[in-house]
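First the structure, in the form of structure tokens, and then the observations on it.
What follows is calculated from the coordinates using simple rules that are stated; it is not laboratory data. All of these numbers come straight from a predicted model, not from anything done at the bench. Note: ideal-geometry Cβ built from the backbone for every residue, glycine included; neighbour counts use all protein chains shown.
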Amino acid sequence: MKKSILLNKGHLSSILHQNQKFQIIWSRNGLDRLDDTAQVKVLPDTSIGISTGFYRGQTLASMGHFSYSHSEFTQPVSVGNYCSIAENLEIFGFNHPYDRITTAPLTYIPDLPLYRGFHADAIKPTLPETLNTPPEIHHDVWIGRSVKLKPGIVINTGAIIGAGAVVTKDVPPYAIVGGNPAKIIKYRFPRELTEYLLATSWWDYYPSILSGVDFTQSIQEQIKAIEENVKSARRLPDILNLYDLLISQIN
């Protein structure tokens, strides 16, 4: 099982600068809330974009280009480009399997101290398929304050998750959801426009892709402007596999 990596912020910054000048922004106003001696934790399989915002805590999880979070990640998660995450995001622990004879951890972690000395070692453990599956947050997603996410779900591009929502199922592209459990309130745009937006893949480009777009015009006109910009726009680089890079340097 992969383990998190601990290193000081100064060392991390130096490594990022040497690798295509990737940067981490540690506060919304751009000020450094951590000094170079602060310990940073990098969760397993973490990748980051060219510029990412971790505005709370000292733990890094996978975050795409120009995305930011006001919540600290305590377990792995995959976040796409241009995402906005508010405070107090929580990811549920793994789900106990309910299609087995028992929901107790006996069937997949029989060596827990709770069971030692009671012949649980004779049980053949079988891990549930979704035991360690992190949620996937695609591109241009806005997550409100105090949202809870179930492991293994997918929040598709353009979705909005209302404050306090408990999300237990996949969220379609450009859907607005809220409640406990979260349900679709409405879609941001009609289906045809959603398909046009998805086809532009504007989130794969540098912010200049939005240059000259008049945001007071209809969404149709905004899409036309983006389609024109795509012809000469500069695509973003691949995200940096930070975890593997650090492992290679440590070893």
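Could you work out the relative contact order of the chain, using alpha carbon pairs under 8 angstrom and six or more residues apart, expressed as a whole percent? Mind dumping the intermediate values first?
On the way: 527 pairs, mean separation 34.6, N = 251.
Result for the chain is 14 percent.
With no solvent and one point per C-alpha, what does the Debye sum give as log10 I(q)/I(0) for the range 1-137 at q = 0.19 Å⁻¹?
-1.05
What label, among [x] 6, 28, 31, 20, 11, 4, 1, 0; [y] 6, 22, 18, 6, 4, 8, 12, 12, 7, 3, 0, 0; [z] 7, 26, 29, 24, 11, 3, 1, belongs to P(r) over Cα pairs in 10 Å bins from 0, in percent computed from the structure on display?
Recomputing P(r) over Cα pairs in 10 Å bins from 0, in percent here picks out [z].
Please report the net charge: other residues with Cβ closer than 13 Å to the Cβ of Pro181, K and R +1, D and E -1.
Numbers: positive: Lys148, Lys150, Lys169, Lys183; negative: Asp170.
Once all neighbours under 13 Å are counted, the net charge is +3.
Can you compute the helix-only [θ] at 222 nm over the chain? Use -39500 (n - 2.57) per DSSP H run of at least 4 residues, normalise by all residues, nearest 500 deg cm²/dmol. Please list the in-between numbers first.
On the way: 4 runs with 41 residues, N = 251.
Value at 222 nm, helices only, nearest 500: -5000 deg cm²/dmol.
Springs between alpha-carbon atoms under 10 Å, Gaussian network over the chain: tell me which of Gln75, Gln18, Gln58 tops the mean-square fluctuations.
In the Gaussian network model the winner is Gln18.
Among Tyr174, Tyr108, which comes first, second and so on when ranked by fewest other beta-carbon atoms within 10 Å? Please list the in-between numbers first.
Details: Tyr174 23, Tyr108 17.
Ascending Cβ contact count within 10 Å gives the list Tyr108, Tyr174.
Suppose we keep just the DSSP beta bridges with both residues in the range 128-251; what percent of those would be antiparallel, to 5?
Values: 5 of 14 bridges.
Of the beta bridges lying entirely in the range 128-251, close to 35 percent run antiparallel.
Quick one: divide the alpha-carbon radius of gyration of the range 137-183 by 2.2 N^0.38 Å and tell me what you get.
Working: Rg = 9.0 Å, N = 47, 2.2 N^0.38 = 9.5 Å.
Ratio of Rg to 2.2 N^0.38 Å for the range 137-183: 0.94.
Considering only the other residues whose Cβ falls under 15 Å of the Cβ of Ile239, what net charge follows from Lys and Arg at +1 and Asp and Glu at -1? Don't jump to the answer; show the numbers that get you there.
Numbers: positive: Lys21, Arg235; negative: Asp45, Glu136, Asp204, Asp238, Asp244.
Surrounding charge for Ile239 is -3.
Lys and Arg at +1, Asp and Glu at -1: add these up for the other residues within a Cβ distance under 15 Å of Leu193 and post the number.
On the way: positive: Lys186, Arg188, Arg191, Lys224; negative: Asp140, Glu192, Glu195, Glu221, Glu227.
That sum, taken over residues with Cβ under 15 Å, equals -1.
Given a 10 angstrom Cα cut-off, can you work out which residue in Glu72, Glu192, Glu136 is the most mobile in a GNM of the chain?
Residue with maximal mean-square fluctuation among Glu72, Glu192, Glu136: Glu192.
So for the chain: antiparallel DSSP bridges make up what percent, rounded to the nearest 5? It would help to have the intermediate numbers written out before the result.
On the way: 10 of 37 bridges.
Among the beta bridges of the chain, antiparallel pairing accounts for roughly 25 percent.
Check which residues have an amide H placed less than 5 Å from Val154's amide H, if you skip close sequence neighbours.
Result for Val154 returns Glu136, Asp170, Val171.
Per-residue HN-Hα couplings for the range 98-114, Karplus 6.51 cos²θ - 1.76 cosθ + 1.60 at θ = phi - 60°, whole Hz, x for Gly and Pro?
My calculation for the range 98-114 gives 9, 9, 10, 5, 9, 8, 5, x, 3, 7, 9, 9, x, 8, 4, x, 4 Hz in order.
Which aspartates and glutamates have a Cα lying under 20 Å from the Cα of Lys169, excluding residues fewer than 8 positions away in the same chain?
Result set, ordered by chain and number: Glu90, Asp99, Glu129, Glu136, Asp140.
What is the ratio of the Cα radius of gyration of the range 69-158 to 2.2 N^0.38 Å, where N is its residue count, to two decimals? Can you show the working numbers first?
On the way: Rg = 16.9 Å, N = 90, 2.2 N^0.38 = 12.2 Å.
Against the compact-globule rule of thumb, the ratio is 1.39.
Going down the list Lys150/Lys183; Lys2/Lys41; Lys9/Lys150; Lys148/Lys183; Lys3/Lys148, which pairs span over 21 Å between their C-alpha atoms?
Values: Lys150/Lys183 14 Å; Lys2/Lys41 13 Å; Lys9/Lys150 30 Å; Lys148/Lys183 13 Å; Lys3/Lys148 24 Å.
Pairs exceeding 21 Å: Lys9/Lys150; Lys3/Lys148.
What number results when the radius of gyration of the range 77-216, computed over Cα atoms, is divided by 2.2 N^0.38 Å? Spell out each step's value before the answer.
Details: Rg = 19.8 Å, N = 140, 2.2 N^0.38 = 14.4 Å.
Against the compact-globule rule of thumb, the ratio is 1.38.
What residue among Val230, Val171, Val77 shows peak mean-square fluctuation when the chain is described by a Gaussian network model with Cα springs under 10 Å?
Result for the chain, Cα springs under 10 Å: Val230 fluctuates most.
At a threshold of 8 angstrom on Cα-Cα distance, excluding pairs fewer than six apart, so keeping six or more, what relative contact order does the range 9-81 reach in percent?
Details: 148 pairs, mean separation 18.7, N = 73.
Normalised by residue count, the contact order of the range 9-81 is 26 percent.
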